[in-house]
Amino acid sequence: MEIKADTTVCIGAGMCALTVPQVFDQSEDEGTVVLLLQGEVPEELEDSVRRAVTLCPSGAISAS
Amino acid sequence: MTDLTLPIARQRPLDPPDEIIELGRQGSMHRMTYADGHLGWLVTGYAAARAVLADPRFSNRPDDMHPPIASRADLLKKGEFRVPPGFFLRTDPPEHTRYRKLLTGQFTVRRMKMLEPRIAEITDACLDVMEAAGGPVDLVQAFALPIPSLVICELLGVPYEDRARFQEDARVLVNLETKADDAVAALGRTMAYLHELIQRKRKEPHDDLLSGLIEGGELNDEELTGVGFLLLIAGHETTANMLGLGTYALLTNPGQLAALRDDPAVVDNGVEELLRYLTIIHLGPFRVALEDVEIEGNLIKAGEMVGVHLPAVNRDPSRFPEGDTLDVTRPATGHMTFGHGIHQCLGQQLARIEMRIAYPALLRRFPGLRLAVTPEEVPMRSDMSIYGVHSLPVTW
Ligand code: HEM
Ligand code: SF4
């Protein structure tokens, strides 16, 4: 699974960081999404990542 | 269905009006007549609501809006009730983006978690006072209002001692029956207070959010006043009502109360379920179409209003089966209580933390907590744009 995040779209609502703190964080200054993982998402987190993608209010993150 | 107007009166205090429940059964989008005669839409379905709130072709600017209910018609007609600069809830991108980006860094999940110890301390202090006074007490005045009020005041850097100068005006502003003149006056008083405060902070900065924004140098005093106003009102009238109404809901559903009190693992999800089930933003949000938009086969014409009925959306059976029952163990995430799209609540992580601390602390301190009146005697906030209880007499 590959994750993409677009900080220009992100509105910093924090649903991603709340749902999968292992994968998503928010930047200190703008509060926009920060990807903590480089490369593959561990399988056991894939469901949570998918949930974060649907919970994100701005469509800033995607997983494929 | 063009004779539909927005129903407000509820038959049962914790359920949306029966007319709304019936509409939800018939479909997800409905034609609705607004208070000035405008023919717009009302959305009760989950998928349609998400589509509307995520779509940039809908605006949240007040300019071309039509009032959903009569008292608001009065306000808009007056024309004096201008949305102040900096009140970014009622702006569109790119204006909205500018404000939102300045603030999101202050409301991240991590920042809010850092407030946990202080929120716990405030909560305990309120409970100590209640315990020392002995029941019965009004839980709204003793607990539900002071906790979020103190927290938002400290976060913004608004002296809590000054609360008499804005708490009452905040109530006036969300009261649906407020006359236009009174709303204009209440808005004016609070704005004048905040403007004065911001000028003081410019001279004498402290370690707080408003001082930080002043130092950032991006916003002028007028804009800062509007931002401060939005955060102060939003921080007061929301979590406070969740705490009051949530406690009422739990006291009238003792099994759910016991689950939340006795199992710490239930708390996080229980808070989401209370947010879903209670949906205190019960008359909106509203948007206006900037161009023709098709949603689920319905053509919304440019200039038409769309209202999203969040309580109905949060009980859409296709998304939340048995949505009419409160079940603190159901998977409740994905509810739309904080809205959706670019305006989704900025303060939601703060509200979550406040509730995750406050509900269990209250229920564990007073295991025998009960209503001091009959459930029917509790005055509900049917007359306010944010639902809740006006007061909640409890004892233990
Ligand atoms: C349980 C408590 C709360 C609920 C149910 C709630 C609900 C909402 C909803 C539904 C919206 C979106 C309105 C729309 O789309 O038109 C919103 C926006 C907003 N909320 Fe909250 N809110 C809560 C707590 C708070 C708190 C504690 C704050 C304090 C900082 C806050 C600040 C805001 C702000 C600033 C916006 C505007 C965001 C924007 O336009 O980008 N809210 N809230
Ligand atoms: S959930 Fe979406 S909008 Fe919110 S911080 Fe994460 S990426 Fe940004």
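The table that follows gives values for the structure above.
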quantity: Qualifying residue in the range B:137-152 (condition: under 30 Å from B:His390 (Cβ atoms) and exposed (fewer than 15 other Cβ atoms within 10 Å of the Cβ)); calculated: yes
quantity: Check on B:Arg12, part of a loop (DSSP other than H, G, I, E, B) and either away from chain A (no Cβ under 14 Å) or open to solvent by less than 60 Å² (accessible area, probe 1.4 Å) (or both); calculated: yes
quantity: Qualifying residues in the range A:1-10 (those that are of a type outside the set (Val, Ile, Thr) and away from ligand 1 (no atom under 16 Å from the Cβ)) - the one surrounded by the fewest Cβ atoms within 10 Å (Cβ to Cβ); calculated: A:Glu2
quantity: Near pairs, Cβ below 6 angstrom, 6+ apart or cross-chain, from the range B:201-217 (over 16 Å from B:Phe107 (Cβ atoms)) to any residue that is β-branched (Val, Ile, Thr); calculated: B:Lys201/B:Ile214; B:Arg202/B:Ile214
quantity: Lone unmet requirement of (1) within 18 Å of the chain's Cα centre (by Cα); (2) of a type outside the set (Lys, Arg); (3) facing another protein chain (nearest Cβ under 10 Å) for B:Pro331; calculated: (1)
quantity: The range B:96-118 residues that are more than 7 Å from every other protein chain (Cβ to nearest Cβ), paired with ones that are open to solvent by less than 50 Å² (accessible area, probe 1.4 Å) and within 12 Å of ligand 2 (Cβ to nearest atom) (beta carbon under 7 Å, 6 or more apart); calculated: B:Leu103/B:Leu346; B:Met112/B:Gln349
quantity: Helices (runs of 4 or more DSSP H) contained entirely in the range B:156-232, each with at least 2 residues that are over 19 Å from the mean Cα position of the chain (by Cα) and surrounded by 14 or more Cβ atoms within 10 Å (Cβ to Cβ); calculated: B:180-203, B:209-216
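Matching residues to (1) within 15 Å of ligand 1 (Cβ to nearest atom); (2) among the basic types (Lys, Arg); (3) within 11 Å of chain A (Cβ to nearest Cβ); (4) more than 21 Å from A:Val9 (Cβ to Cβ):
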site: B:Glu291; (1), (2), (3), (4): no, no, no, no
site: B:His335; (1), (2), (3), (4): yes, no, yes, yes
site: B:Cys345; (1), (2), (3), (4): yes, no, yes, no
site: B:Leu350; (1), (2), (3), (4): yes, no, yes, yes
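Quick grid of which residues meet (1) at the interface with chain B (Cβ under 9 Å from one of its Cβ atoms); (2) closer than 20 Å to B:Leu53 by Cα; (3) touching a helix residue (DSSP H, G or I) at 6+ places or on another chain (Cβ under 7 Å); (4) away from ligand 1 (no atom under 16 Å from the Cβ):
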residue: A:Gly12; (1), (2), (3), (4): yes, yes, yes, no
residue: A:Thr19; (1), (2), (3), (4): yes, no, yes, yes
residue: A:Glu40; (1), (2), (3), (4): no, no, no, yes
residue: A:Glu44; (1), (2), (3), (4): no, no, no, yes
residue: A:Arg50; (1), (2), (3), (4): no, no, no, yes
residue: A:Val53; (1), (2), (3), (4): no, yes, no, yes
residue: A:Ala63; (1), (2), (3), (4): no, no, yes, yes
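The values are calculated or read from the model by the stated rules, or taken from the named source; none is laboratory data. Computed from a predicted structure; not experimentally measured. Positions of Cβ are backbone-derived with ideal geometry, glycine not excepted, and every protein chain shown enters the neighbour counts. All accessible areas refer to the heavy atoms of the entire protein, side chains included, with ligands and DNA or RNA removed. Shrake-Rupley method; radii C 1.70, N 1.55, O 1.52, S 1.80 Å.
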